[in-house]
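Input: a single structure, listed below in structure tokens.
The values are calculated or read from the model by the stated rules, or taken from the named source; none is laboratory data. Quantities reported herein were computed from a predicted structural model and do not represent experimental measurements. Here the Cβ positions follow ideal geometry from the backbone for every residue, glycine too, while neighbour counts run over all protein chains shown.
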Amino acid sequence: MIKHNTYFDGKVQSLGFERNGRRATAGVIDVGEFHFGTDAAERMTVVSGELLVKRAGEGAWVPYPAGTVFEVPAKSGFDVKATAPAAYLCEFL
């Protein structure tokens with residue numbers, strides 16, 4: 001089953017699905033700055049564009065261009081900033 005998720009007035013959208021028995025989402029982020037909380041640990045792969053990421057407890061924005069990966073611990077959160085539309089794959093660990 002595929003689930004469509006919409007956040008921040010449609011500026012972030014994703015399709016949720018299961019792959020190899022694990023939950024994942026594939027999505028797009030429009031220009032802007034957004035905060036996400038995490039229940040489970042996540043591995044984010046930037047598919048296209050670039051995302052600037054600031055994890056909970058960190059002070060600096062770190063750029064992640066297409067093809068790079070970052071992880072976020074469970075029960076945490078992160079801020080993401082896009083200066084142009086970007087796409088991602090989020091795998092729940």
Exercise. If you take the residues of the stretch 35-84 that are of a type in the set (Val, Ile, Thr) and under 11 Å from the mean Cα position of the chain (by Cα), which of them is surrounded by the fewest Cβ atoms within 10 Å (Cβ to Cβ)?
Worked result: 69
Problem set entry | Lone qualifier among 32, 49, 77, 27 - being in contact (Cβ under 8 Å) with a residue 24 or more places away in the chain and in contact with a helix residue (DSSP H, G or I) (Cβ under 8 Å, 6 or more places away or on another chain) | 32
Exercise. Hey, among the residues in the stretch 24-52 that are out of contact with any Phe, Trp or Tyr (no Cβ under 6 Å at 6 or more places or on another chain) and outside any strand (DSSP E or B), which one's modelled with the lowest pLDDT?
Worked result: 39
Exercise. Quick one: would you say residue 9 is in contact with a strand residue (DSSP E or B) (Cβ under 8 Å, 6 or more places away or on another chain), not hydrophobic (A, V, I, L, M, F, W, C) and not in a loop (DSSP other than H, G, I, E, B)?
Worked result: no
Exercise. Quick one: is residue 4 touching a strand residue (DSSP E or B) at 6+ places or on another chain (Cβ under 9 Å), in contact (Cβ under 8 Å) with a residue 24 or more places away in the chain and loosely packed, with under 12 Cβ neighbours inside 10 Å?
Worked result: no
